[in-house]
1. Asn210: net charge of surrounding residues, Cβ under 14 Å, Lys/Arg +1, Asp/Glu -1, itself excluded?
2. Measure out, as a whole number of angstrom, how far apart the alpha-carbon centroids of the stretch 190-225 and the stretch 138-185 sit.
3. What size of dipole, in debye to the nearest 20, comes out for the chain about its Cα centre when the only charges are +1 on Lys and Arg C-beta atoms and -1 on Asp and Glu C-beta atoms?
4. Take Lys217, Lys181 and order them by how many other Cβ atoms sit within 10 Å, fewest up front.
5. Please say if the chain is rounded, prolate or oblate, where rounded means a/c under 1.5 for a ≥ b ≥ c the square roots of the C-alpha gyration tensor eigenvalues, and otherwise the choice is prolate for a/b larger than b/c and oblate otherwise?
6. Just rank Arg214, Arg106, fewest to most, by other beta-carbon atoms within 10 angstrom.
7. I'd like the FRET efficiency for Glu78 and Leu145, computed as 1/(1 + (r/R0)^6) with the beta carbon distance as r and R0 of 35 Å, rounded to 0.05.
8. Compute the longest continuous run of the chain that contains no exposed GluC sites (Glu not before Pro); treat a site as exposed when its DSSP state is not H, G, I, E or B and it has at most 10 other Cβ atoms within 10 Å.
Amino acid sequence: MILTLFTAQYGLQKGFAKSARNSRKRFGAVLEPFTKAIFQWKKGRGALWLLQDAELITSHLGLRTDFQRLSLASYGVELICLLLEEGEAQQIIYEMLCSFLEYLERGGNELIARTLFELRLIYLLGYMPHLLHCSECLKIFDAELIRFDANRGGSLCLDCAGSVGMPVELGTIGSLARSLKVSHRQFEGFSFGSITLQQSGQILTQVLQNVLPREPKSLKFLSPL
C-alpha cells in the first residue's frame, strides 16, 4: 500500500507499507485517512519511505460521522497535497492542519473553518493578494467602494478598477486582514457575518483558482459558501 504522509519535519512524503492490509498488528487503523501517528521508517527504493511500524496518536473518527465535515477535511488535505512541494519542512502548516481537523471534529463552524484554512494557507505560501490598499495605485482604503480581482493583484479602488472585478465591502477586506493577526492554530472564537463569509469565499476562490494546478476533486462534495 502506497500512502501520502504529511509531517512537520519532512513535509509531504510518499510511503510504502508492505502487506499493510494483512498486518493489523503493525498498522491496524493507523493508515486510515486523517490519522495522526508516529511512524518508524527507513529509506526504500527511490523516494519512497519504507514504513516499518506505527503508533496511533488520534484517528479523528468523529469526522466520519458527518458527510460535510468529512468532505471539508478531505478538501483541506487535498489543498495541501496540491500546493506543497514534497520533502519541504512545513511546521506551521502542519500545526494548522492538525488544529483544523480537531476543530471540525469538535463540531466547529464549517464555513469559518474553511475560510480561515484557505486564507492562512494562501498567506503562508506567499500567495496573499493586496487587501487594505489598491494593488495598482497603492491608495489606502477609507470607507469607500472596492473591487477585487485576483488577476490584478487583489483589491482595487474604483478609479483603477473601472468596471472590472468583484464589488466587495471594506468590512470583508478588514475581517480577512485582522484574521491573519491571530495564531495559525486558533479556529475558535471567530464570528463572521453572512456577507463577509460569502464575499470572503469568492475572494479566496479567485486566488486559489490562480495558483492551483487543478480543481480539487473534493470540492464538488462541499456545500457552496
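Derivation of every value follows stated rules applied to the coordinates shown; laboratory data play no part. Being a predicted model, the structure only gives us computed values, none of them experimental. Virtual Cβ from ideal backbone geometry, glycine too; neighbours counted across all protein chains shown.
1. Residues close to Asn210 contribute a combined charge of -1.
2. Here the answer is 16 Å between Cα centres.
3. Numbers: 24 positive and 21 negative charges, 237 e Å.
Computed charge dipole of the chain: roughly 1140 debye.
4. Values: Lys217 11, Lys181 6.
Neighbour counts put them in this order, fewest first: Lys181, Lys217.
5. On the way: a/c = 2.71, a/b = 2.07, b/c = 1.31.
Prolate, since a/c reaches 1.5 and a/b exceeds b/c.
6. Numbers: Arg214 6, Arg106 10.
Placing the least packed residue first, the sequence is Arg214, Arg106.
7. Efficiency at R0 = 35 Å is approximately 0.50.
8. 1-84
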